[in-house]
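Read through the structure below, which is laid out as structure tokens, and then see the notes.
Any read-out appearing in this document is the output of simple, stated calculations on the displayed coordinates, not a laboratory observation. Because the structure is predicted, anything quoted here is derived from the model rather than measured. Ideal geometry is used to build each Cβ from the backbone, glycine not excepted, and the neighbour counts take in all protein chains shown.
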Amino acid sequence: MSKMFFKKMALASLVAASAMASSMANADDNPNLMPLTISGNITADACKVMLNTNTLDLGTLLVADIKTADQAPWSTGVRTLQIVIGSDGSGSGDCSVPDAEVNVLGVGAAGDSTILANTASESPAGNVGVAVWNHADGAQVAVGGDALKFSGAMAKLDFGLAKGDSATAVTPGNVSTTAQIKVTFL
């Protein structure tokens, strides 16, 4: 027989002898008490993160309607993105919805790095980018900055156009950018 078999047998004998000695010690104290070890494992369905859309069209705004990102968002031209957590991506299911943090990642604008840069290649608007705000309280969510903490199955972010530099005028043109939404479970 192999050496491995004898090693396993010797280990099993030691474990059995140890358990027997332990139960005999308890039996000496009280013959009605016997040791019992209980173990188990509980799992939940994995949580999935979904966005209600992968594209936001901010529409057409007048230059005069564009504010700086530190101002509360306005209703015209702002679009809300829903971030949904659940085992089936709908905010329900057996997923144990944890507390989470959301970050918006992307290229910051030259005049204000807390907003997404306008990367339109054809006739780009000047001194403008896309700002992000917490839908619940209107507080700005800085691109690449501190995460927005939330509990529950859904977070909402508002996206809208914002001036890159408050002292410089916005010039008309196209706006386009990309971002990544990062969700971290706490």
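Can you list which of the chymotrypsin sites (Phe, Trp or Tyr not before Pro) found in segment 118-171 are DSSP loop residues with at most 16 other C-beta atoms within 10 Å?
Numbers: sites: Trp133, Phe150, Phe159; in loops: none.
Those that pass, being in a loop and sparsely packed, number zero.
In nanometres, what is the gap between the two model label sites at Thr184 and Asn54, each 7 Å from Cα along Cα-to-Cβ?
Going by the 7 Å Cα→Cβ label model, 2.5 nm.
So between Ala64 and Asp29, what do we pick up on full extension, going 0.36 nm a residue minus the alpha carbon distance?
On the way: separation 35, 0.36 × 35 = 12.60 nm, distance 8.74 nm.
Between Ala64 and Asp29, full extension yields an extra 3.9 nm.
Points 7 angstrom from Cα along the Cβ direction at Ser176 and Ala120: gap in nanometres?
Taking the simple label geometry, Ser176 and Ala120 are separated by 1.0 nm.
Given a Förster distance of 25 Å, report the FRET efficiency between Ala46 and Ala139 from their Cβ-Cβ distance, rounded to the nearest 0.05. Each step should come with its number before you reach the end.
Working: r = 31 Å, r/R0 = 1.22.
After rounding to 0.05, the efficiency reads 0.25.
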